[in-house]
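Asks: Below is the structure I would like to discuss, written out as structure tokens.
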Amino acid sequence: MNEFIAQLKEKLSRQLPGADYQLKLEPGLRAIEMPGTKRADAAVLLLIFPESDRKLQLVLMKRQVYDGPHSGQICFPGGKAEPGDKSVEDTALRETAEELGICTQNIEVIGRLTEIFIPVSGYMVYPVVGLSHDKPIFKIDKGEVDYCLTISLDDLVRTPVKETTWRHKGLNVNIPYFDIDGEMVWGATAMILSEFIEVIKR
């Protein structure tokens with residue numbers, strides 16, 4: 001594990017795969033919803049940790065159903081930057097602590113991925129990659145999070161891209177996605193995962 005993490009840190013410090021790999025999972029909805037300017041910064045955490053078999057796992061979560069654009073979606077822990085946050089890393093860790101109820105003092109930040117704009121909510125999202133050297137104990141905030149799901153990095157890189165078509169504003173739009181544990185992972189989360197998978201493969 002230590003060798004893999006050292007290699008991952010080194011890869012994240014180099015030039016990233018970037019938007020080209022994000023766009024492989026871009027849903028057709030983005031072109032329809034694209035507004036003119038960004039409104040706010042946000043950050044998410046790609047949290048990895050060792051399972052009992054020492055395989056590294058990645059954490060995702062399912063949002064509760066609410067009156068908003070990301071209702072019920074699979075996503076990473078994270079959220080909007082607050083005035084007290086000193087960096088996007090602080091934002092990602094603070095939001096993860098609030099949503100998943102874990103102690104983030106033991107999380108080692110090992111790098112970032114390429115930022116991504118989310119048209120429907122107007123956020124510029126900065127993906128942060130963090131490592132917990134022990135399996136966290138999750139005490140999720142049920143007001144925001146329905147449940148957590150995890151996938152091993154070994155399985156993640158082998159997960160095929162699927163596609164479906166949605167009707168949106170009178171148009172048929174293509175939606176590429178990952179099927180993870182029976183859940184449809186699409187949109188910005190899938191786009192971030194696409195770049196992360198490429199980083200791992202390199």
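Asks: By how many nm would the segment from Lys9 to Thr165 lengthen if fully extended, with 0.36 nm per residue of separation less the alpha-carbon distance?
Replies: 52.5 nm
Asks: If you keep only loop residues by DSSP, which GluC sites (Glu not before Pro) in the range 97-141 have at most 11 other Cβ atoms within 10 Å of their Cβ? List each step's numbers first, then the result.
Replies: Numbers: sites: Glu98, Glu99, Glu108, Glu115; in loops: Glu115.
Nothing satisfies the criteria.
Asks: At what distance in nm do the modelled label points of Ile137 and Arg39 sit from each other, each positioned 7 Å from its Cα along Cα→Cβ?
Replies: Placing both labels 7 Å beyond Cα along the Cβ direction yields 3.8 nm.
Asks: Just want to confirm a number: the relative contact order over the chain, from Cα pairs under 8 angstrom separated by 6+ residues, in percent.
Replies: 30 percent
Asks: Another one. Between Thr165, Tyr123, Pro50, whose Cα lies farthest towards the positive end of the dipole of the chain when Lys and Arg beta carbons carry +1 and Asp and Glu beta carbons carry -1, centred on the Cα centre?
Replies: Thr165
Asks: So, one more: In the range 62-151, which trypsin sites (Lys or Arg not before Pro) are in a loop and have at most 13 other Cβ atoms within 10 Å, using DSSP for the loop call? Mind showing how you got there, number by number?
Replies: Working: sites: Lys62, Arg63, Lys80, Lys86, Arg94, Arg112, Lys139, Lys142; in loops: Lys86, Lys139, Lys142.
Sites meeting the loop and neighbour criteria: Lys86, Lys139, Lys142.
Asks: Moving on. Shape call for the chain from the C-alpha gyration tensor, a ≥ b ≥ c root eigenvalues: rounded (a/c under 1.5), prolate (a/b greater than b/c) or oblate?
Replies: Numbers: a/c = 1.44, a/b = 1.29, b/c = 1.12.
Rounded is the answer for the chain, as its axis ratio a/c remains below 1.5.
Asks: Of Lys9/Lys86; Lys86/Lys201; Lys62/Lys162; Lys9/Lys162; Lys9/Lys139; Lys55/Lys201, which ones are farther than 24 Å apart at the Cα? Intermediate values should be presented prior to the final figure.
Replies: Values: Lys9/Lys86 22 Å; Lys86/Lys201 32 Å; Lys62/Lys162 19 Å; Lys9/Lys162 29 Å; Lys9/Lys139 28 Å; Lys55/Lys201 16 Å.
Where the Cα-Cα span goes over 24 Å, the pairs concerned are Lys86/Lys201; Lys9/Lys162; Lys9/Lys139.
Asks: Quick one: dipole size for the chain, taken about the Cα centre, charges +1 on Lys/Arg Cβ and -1 on Asp/Glu Cβ, in debye to the nearest 20.
Replies: For the chain, the charge dipole is close to 400 debye.
Asks: Right, here's the next one. For the residue pair Asp146 and Val65, what label-to-label distance in nm results when each label sits 7 Å from Cα along the Cα-to-beta-carbon direction?
Replies: Between Asp146 and Val65, the label points sit 0.8 nm apart.
Asks: Counting each DSSP H run of 4 or more residues in the chain as -39500 (n - 2.57), what helix-only mean residue ellipticity at 222 nm follows after dividing by all residues, to the nearest 500 deg cm²/dmol?
Replies: On the way: 6 runs with 55 residues, N = 202.
Dividing the helical sum by the residues of the chain leaves -7500 deg cm²/dmol.
Asks: Would you mind getting me the FRET efficiency between Leu23 and Cys103? Use the beta-carbon distance for r and R0 = 41 Å, nearest 0.05. Don't jump to the answer; show the numbers that get you there.
Replies: Numbers: r = 36 Å, r/R0 = 0.88.
Efficiency computed from Cβ-Cβ geometry: 0.70.
Each value in this text was obtained by applying a stated rule to the coordinates, not by laboratory testing. Note that the coordinates shown come from a computational prediction; the quantities given were computed from them, not determined experimentally. Every residue, glycine among them, receives a Cβ derived from its backbone with ideal geometry; neighbour counts consider all protein chains shown.
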